[in-house]
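FYI, it's all coordinate maths here, none of it is from the lab. The model shown is predicted, which means the values in this text are computed figures rather than measured ones. Cβ: placed from backbone, ideal geometry, glycine included. Neighbour counts: every protein chain shown.
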Amino acid sequence: MLGRTYAVSLVGMNGHIVEVEADIGQTLPAFVLLGLPDASLNEAKDRIRAAARNAGVPLSRRKITVNLIPASLPKRGSSFDLAIVMAALAAAGDVRGCGTTVFIAELGLDGQLRPVRGMLPAVMAAVDAGYRSIVVAAENEAEAALVPSAEVRSFHTLRSVAAGFGADVEGEDPAEAAPRDPVAVPTAQPGLLKDLSDIAGQVEARFALEIAAAGAHHLLMVGPPGAGKTMLAERLPGILPDLEDDHAMEVTAIHSLSGERHCAELVRKPPFESPHHTATPASIIGGGSGIPRPGAASRAHRGILFLDEAPEYERRVLEALREPLESGRLVLHRASGTASYPARFQLVLALNPCPCGLANGKGIDCLCTAQQRRRYFNRLSGPLLDRVDLQVVVQRVSLADYADGAPSEASSVVAARVAEARAAQRARLGRWSYATNSEVQGRILRGELALPRRVTAPLDRALDRALVSARGWDRVLRVAWTICDLSGRGSPDADDVVTALGFRLQERAA
Amino acid sequence: MVAKDQLGRRGEATAAQYLERAGLRIVDRNWRCPVGEIDLVAVDGSTLVIVEVKTRSSDDFGQPLESITASKLERLYVLASQWARAHNQRFSGFRIDAVGVLDDGSGDPRIEHVRAVI
């Protein structure tokens, strides 16, 4: 007799439906697992027999052959446990009607169902492939149910799953009584509890932050230690608009895959990732053995990737970020397969004005030589800096600002202005299917959205004197459009262009 | 005789009864040679049947048949030809069967008979 169920194999973010066939042969007891299982999946053989016996639904005392189709697709991990055991039980005729159901759960030896990583992308793949009926562990239910039109059923134990599919079980379920970890309730990210009103003074930097949020521009902050660069960056997610449905789904899927938490609801707040400057390229762009896992750049998708002390990062890390900055994706090739992860993040860089950090103002305390300073900045390559629209100097806060105690604007006030500016951008850029000024192509800026000569005159002069590159010219205009959107006017004027130019030239002043 | 050997003997007797009722003719028991021991030798029509009997008093430590390993099967394969040569008999073929006996002493043992395990 043959039993059949379905499971999902995740390769990166892409899920593939895997058909699980089980056959019971009339020979000595054995368990054979075919179809390219990796070491962790091969362990399922031993886990499954014990779990089934302890759950009170023992497997057949004959040779069980389980085949995972397609055999060519590499399969790994423990999420196939439940599908395999249900196929084996179906082959023995113990359960019925599971032939079109997708089972995604790991089994404990006592027969408890355990939650698995990457539930959201797995369920999305199953529903896309036309399999709506999905069985998961109770801890995973909320996450699986995020997918519209998925019919999710959740259970605590293998015994209750078997009973749900018509198995004959009686008596008390020992696994049901076992202590369980409480379902983790996701808490708000610490970055979101921080408010802009905590920051005294820093008018210019706050304005730059507001522009960055409104136009989704990449941001570079230069300032001495203690000036508040990190404080400012941490408050950026708080003034960004909440994620829309499809973006929230992408972000939640990545977080589900990286296994930081079991997502009970969609991630609505833009994520904030701040890897330490000793981070390796693999931890930032993704890596690991077998199929590479997402790195910080992908976890920051639709959110902020904050690199504090940017020149301290390995050169390879910084250069690796250029590709996702252009394409919004990271494609990682390994011998065992290719994984592609979205990585459309907003980059925020912070650095000191010099290695010792004291070269602000007149810089009389600074001990660095000119050569040291030059070397420090050269670690950030031209091509990378060229992609950063906004460059701002963050000065030490003055006594007047710090002691006078007048409250600064709160995040909610700024967020409202940002939301209006975003709405204005969508209305103007919708016909090219852009959402923010930072995405607009240069030929549109110079074509359909071209500004009169008298408005761009200060910028043209800067281009003439080689103070900005041709690419820089486009970037200044993008920022000028955002400044104008924030002020609620229809089209930028010369003042907006000058302000935008100010955020561009500071790399030279610093 | 130790308890586990007693259990083994009782299991082999139970298995022999079961096989005879199933139409096999038992021709030898506990035949030994330097390679090892055959629990039961039976004849099914013109086929020589080498039978390995496994007896357990409970399934707390697994099913009786689960304990038959690949190396045991290999040895039985060699023993089959040894037995045929020693008795100078010819058969149209031979096979190896396994019988699992679960005998908890209640007088109602559970018997599993698996034909042609290799």
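Tabulated results
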{"read-out": "Counted charge near A:Ala91, where neighbours are those whose Cβ lies closer than 9 Å (Asp, Glu -1; Lys, Arg +1)", "value": "-2"}
{"read-out": "Three-way shape call for the stretch B:10-94 based on the alpha-carbon gyration tensor, with the a/c threshold at 1.5", "value": "oblate"}
{"read-out": "Sorted by Cβ density within 10 Å, fewest first, the residues A:Cys98, A:Cys368", "value": "A:Cys368, A:Cys98"}
{"read-out": "Chain A, helix-only ellipticity at 222 nm - DSSP H runs n ≥ 4, -39,500 (n - 2.57), divided by all residues, nearest 500", "value": "-11000 deg cm²/dmol"}
{"read-out": "Three-way shape call for the stretch A:329-433 based on the alpha-carbon gyration tensor, with the a/c threshold at 1.5", "value": "oblate"}
{"read-out": "Net charge of Cβ neighbours under 11 Å - reference A:Thr278; Lys, Arg +1; Asp, Glu -1", "value": "-3"}
{"read-out": "Highest-first arrangement of A:434-440, A:102-108, where packing means the average Cβ count within 10 Å", "value": "A:102-108, A:434-440"}
{"read-out": "Average Cα contact separation per residue, chain A, under 8 Å, 6 or more apart, as relative contact order %", "value": "14 percent"}
{"read-out": "Beta bridges per DSSP with both ends in the protein assembly as shown, % antiparallel, nearest 5", "value": "55 percent"}
{"read-out": "Separation between Cα centres of the stretch A:99-161 and the stretch A:478-493, rounded to whole Å", "value": "48 Å"}
{"read-out": "Long-range HN-HN contacts of B:Val27 with modeled amide H, under 5 Å", "value": "B:Val41, B:Ala42, B:Val43"}
{"read-out": "Label-point separation in nm, A:Leu109 to A:Ser197, each point 7 Å along Cα→Cβ", "value": "5.6 nm"}
{"read-out": "MRE, 222 nm, helices only [DSSP H, n ≥ 4, -39500 (n - 2.57), over chain B, to nearest 500]", "value": "-10500 deg cm²/dmol"}
{"read-out": "In sequence order, calculated HN-Hα J values of the stretch B:101-112 (Karplus, 6.51, -1.76, 1.60; Hz; x Gly/Pro)", "value": "10, 10, 10, 8, x, 7, x, 10, x, 9, 10, 10"}
{"read-out": "The stretch A:403-510: relative contact order as a whole-number percent, Cα under 8 Å and 6+ apart", "value": "27 percent"}
{"read-out": "Footprinting exposure proxy for A:His156, A:His333 (fewest neighbouring C-beta atoms within 10 Å first)", "value": "A:His333, A:His156"}
{"read-out": "Within 10 Å of each Cβ in B:62-68, the average number of Cβ atoms from other chains", "value": "4"}
{"read-out": "Given charges at beta-carbon only (K, R positive; D, E negative), |dipole| of chain A in Debye", "value": "1560 debye"}
{"read-out": "DSSP bridge orientation in chain B - percent antiparallel, rounded to nearest 5", "value": "65 percent"}
{"read-out": "Between helix A:411-429 and chain A: long-axis angle, C-alpha atoms, 0 to 90°, nearest 10", "value": "90 degrees"}
{"read-out": "Sorted by Cβ neighbour density within 10 Å, fewest at the top, the residues A:Ile24, A:Ile284", "value": "A:Ile24, A:Ile284"}
{"read-out": "Shielding by partners, peptide A:17-30 (average Cβ within 10 angstrom, other chains)", "value": "3"}
{"read-out": "Amide H within-cut-off set for A:Cys354, under 5 Å, with H built and near neighbours excluded", "value": "A:Ala359"}
{"read-out": "A:Lys63 long-range amide H proximity, modeled H, under 5 Å", "value": "A:Gly25, A:Thr27, A:Ala30"}
